[in-house]
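> Provided herewith is a single structure, encoded as structure tokens, for subsequent inquiry.
The values are calculated or read from the model by the stated rules, or taken from the named source; none is laboratory data. Keep in mind it's a predicted model, so treat the numbers as computed, not measured. Note that we place each Cβ from the backbone using ideal geometry, even for glycine, and neighbour counts take in every protein chain shown. Calculation scope for accessible area: heavy atoms of the full protein, side chains included, ligands and nucleic acids excluded. Shrake-Rupley method; radii C 1.70, N 1.55, O 1.52, S 1.80 Å.
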Amino acid sequence: MKIARAETFHAAPRWLFIRIETDDGVVGWGEPIIEGRAATVEAAVQELCEYLIGKDPSRINDLWQTLYRGGFYRGGPVLMSAIAGIDQALWDIKGKALGVPVHELLGGRVRDRMKTYRWVGGDRPADIIEQVKTLKELGYDTFKFNGTEEFRPLDSTRAVDAAVEKVAEIRAAFGHSIDFGIDFHGRVGMPMAKVLLRELEPLRPLFVEEPVLPEQCEYYPQLAAATSIPLAAGERMYSRFDFKRVFERGGLAIVQPDLSHAGGITECVRIAAMAEAHDVALAPHCPLGPVALAACLQVDFVAWNAVLQEQSIGIHYNHNGADLLDYVLNKDDFACIDGSIGVLPGPGLGVEIDEQRLRAAAADPPHWRNPVWRHADGSIAEW
């Protein structure tokens, strides 16, 4: 069996897919994407696919190392996201060729279902409580929302109070019948992160995500020492080498590698094992599409330290033309029961793509960009 061809599809709402086909007709799907930079990653995917044509797709480790080491310059969001989608597709091919799910190829599952959480609110959330009420009725009890809007390096007590009051209202409305993570989204600098964490601590969030930008990861230990709130990060770390430096310093309770950014299944299984060795939990980042989620679940089912899985059903980004399962034929396999997804039974990644619908969507892809925010003084703010 040899790799015969590869195609990419850019489709709503902001997703990029790769379809790799072998000479005997086995098709694997992957999701290589940087949100808002689909064309950039697509170009990288097309360049990297030159290494694949005519090769044996079952030699995933060798192909991964070729893609990673073969070009001298390596790492970073663009190249690692391109590799991630290709890697997902190769695992999909291997599982389909052998007739087993990917988690069986990785040693077999350690759990029967994976707990997920739902995003509520948007970039500037205003109706979180109503959204939580609706989702609780569907069986969800764990949520995540953005903690702040623009936040200056040294901000006012009014800004701090506004952020804390929003969280206090949610806790007052639901008591401890729900859990929630708060995403700082890298919008908060170190001086204000310490203040916010202290003020939020009595409200007992499940975790705070990206308390500071990943470029400031040296502050994770200081922040962790100053709060009892578990700290989470990792969506903007792209390889085990990025995570190695964080594990060495300490400070994180949860790591959140993205299976479409951090080198795919091959790399994220390694990151999960590194995290377990440092007594750190795993909660893969995934505000993306169905192939990315399927890849995450394959890792979740073999990683003992996996605790939560993000998924994008109804997320505010998906209001631009497609929701999580719109390009999926086997929707029932992704059913959330009491907030958890069971083992995907199909071979490979376990997702059956509606290729006809995807091709139609790719004929007119969106031009999604994240918003550019500015502070009141006109300076650029972190989104």
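> Return the pair list, or none, for Cβ contacts closer than 7 Å from residues in region 66-95 that are within 15 Å of residue 292 (Cβ to Cβ) and without any contact (Cβ under 8 Å) to a residue 24 or more places away in the chain to residues that are in a helix (DSSP H, G or I) and open to solvent by 10 Å² or more (accessible area, probe 1.4 Å), at least 6 apart or on different chains.
Hits for this filter: zero, empty list.
> How many residues are under 22 Å from residue 241 (Cβ atoms), outside any helix (DSSP H, G or I) and of a type in the set (S, T, N, Q) if we restrict to region 35-83?
Of the residues in that region, 0 qualify.
> Moving on to the next point. Going by the conditions given, is residue 343 more than 21 Å from residue 298 (Cβ to Cβ) and of a type in the set (Val, Ile, Thr)? Full working, then the answer.
On the way: more than 21 Å from residue 298 (Cβ to Cβ): no; of a type in the set (Val, Ile, Thr): yes.
No: the conditions fail for residue 343.
> Against the condition of a type outside the set (Gly, Ala, Ser) and open to solvent by less than 10 Å² (accessible area, probe 1.4 Å), how does residue 324 come out, does it pass? Don't jump to the end; show me each part of the working.
Working: of a type outside the set (Gly, Ala, Ser): yes; open to solvent by less than 10 Å² (accessible area, probe 1.4 Å): yes.
The answer is yes for residue 324.
> Go over the candidates 126, 89 one by one and state the one that is out of contact with any helix residue (DSSP H, G or I) (no Cβ under 7 Å at 6 or more places or on another chain), among the hydrophobic types (A, V, I, L, M, F, W, C) and buried (at least 23 other Cβ atoms within 10 Å of the Cβ). Working first, answer last.
Values: 126 fails: buried (at least 23 other Cβ atoms within 10 Å of the Cβ).
Exactly one residue qualifies, and that residue is 89.
> Please identify the pairs in which a residue from region 97-126 that is more than 19 Å from residue 268 (Cβ to Cβ) has its Cβ atom under 6 Å from the Cβ atom of a residue that is open to solvent by 20 Å² or more (accessible area, probe 1.4 Å) and assigned to a loop (DSSP other than H, G, I, E, B), counting only partners at least 6 apart or on another chain.
Matching pairs, first to second residue: 97/26; 99/347; 100/347; 124/149.
> Still on this model: Among 370, 318, which is in contact (Cβ under 8 Å) with a residue 40 or more places away in the chain, out of contact with any Asp or Glu (no Cβ under 6 Å at 6 or more places or on another chain) and assigned to a helix (DSSP H, G or I)? Steps first, answer last, please.
Working: 370 fails: assigned to a helix (DSSP H, G or I).
So the residue among 370, 318 that is in contact (Cβ under 8 Å) with a residue 40 or more places away in the chain, out of contact with any Asp or Glu (no Cβ under 6 Å at 6 or more places or on another chain) and assigned to a helix (DSSP H, G or I) is 318.
> Considering only residues that are part of a helix (DSSP H, G or I) and either open to solvent by 10 Å² or more (accessible area, probe 1.4 Å) or closer than 16 Å to residue 86 by Cβ (or both), which ones fall in region 254-276? Walk me through it before giving the result.
Just the residues of region 254-276 that are part of a helix (DSSP H, G or I), to begin with: 264-276.
Selection gives 264, 265, 266, 267, 268, 269, 270, 273, 274, 276.
> Look through 86, 93 and report the one residue that is touching a Cys at 6+ places or on another chain (Cβ under 8 Å), in a helix (DSSP H, G or I) and under 23 Å from residue 351 (Cβ atoms).
Working: 93 fails: touching a Cys at 6+ places or on another chain (Cβ under 8 Å).
Exactly one of 86, 93 is touching a Cys at 6+ places or on another chain (Cβ under 8 Å), in a helix (DSSP H, G or I) and under 23 Å from residue 351 (Cβ atoms), namely 86.
> Mind listing just one residue for me: the one in region 13-64 that is farther than 22 Å from residue 358 by Cβ and among the aromatic types (Phe, Trp, Tyr) and, of those, most open to solvent (accessible area, probe 1.4 Å)?
That would be 51.
> Among residues belonging to region 241-253 that are free of Cβ contacts under 8 Å to residues at least 60 places away in the same chain and assigned to a helix (DSSP H, G or I), point out the one that is surrounded by the most Cβ atoms within 10 Å (Cβ to Cβ).
The first filter runs over region 241-253 and keeps only residues free of Cβ contacts under 8 Å to residues at least 60 places away in the same chain, leaving 243-253.
Next, only the ones that are assigned to a helix (DSSP H, G or I) stay: 243-249.
Values: 243: 27, 244: 13, 245: 11, 246: 23, 247: 17, 248: 8, 249: 15.
Here the residue is 243.
> Test residue 355 against the stated conditions and say whether it is touching a Lys or Arg at 6+ places or on another chain (Cβ under 8 Å) and surrounded by fewer than 18 Cβ atoms within 10 Å (Cβ to Cβ). Lay out the reasoning, then the answer.
Numbers: touching a Lys or Arg at 6+ places or on another chain (Cβ under 8 Å): yes; surrounded by fewer than 18 Cβ atoms within 10 Å (Cβ to Cβ): yes.
The answer is yes for residue 355.
> Being closer than 14 Å to residue 334 by Cβ and either assigned to a helix (DSSP H, G or I) or of a type in the set (Ser, Thr, Tyr) (or both) is the filter here; which residues of region 277-299 pass it?
From region 277-299, those closer than 14 Å to residue 334 by Cβ are 286, 288-298; that's our starting set.
Across region 277-299, the qualifying residues are 290, 291, 292, 293, 294, 295, 296, 297, 298.
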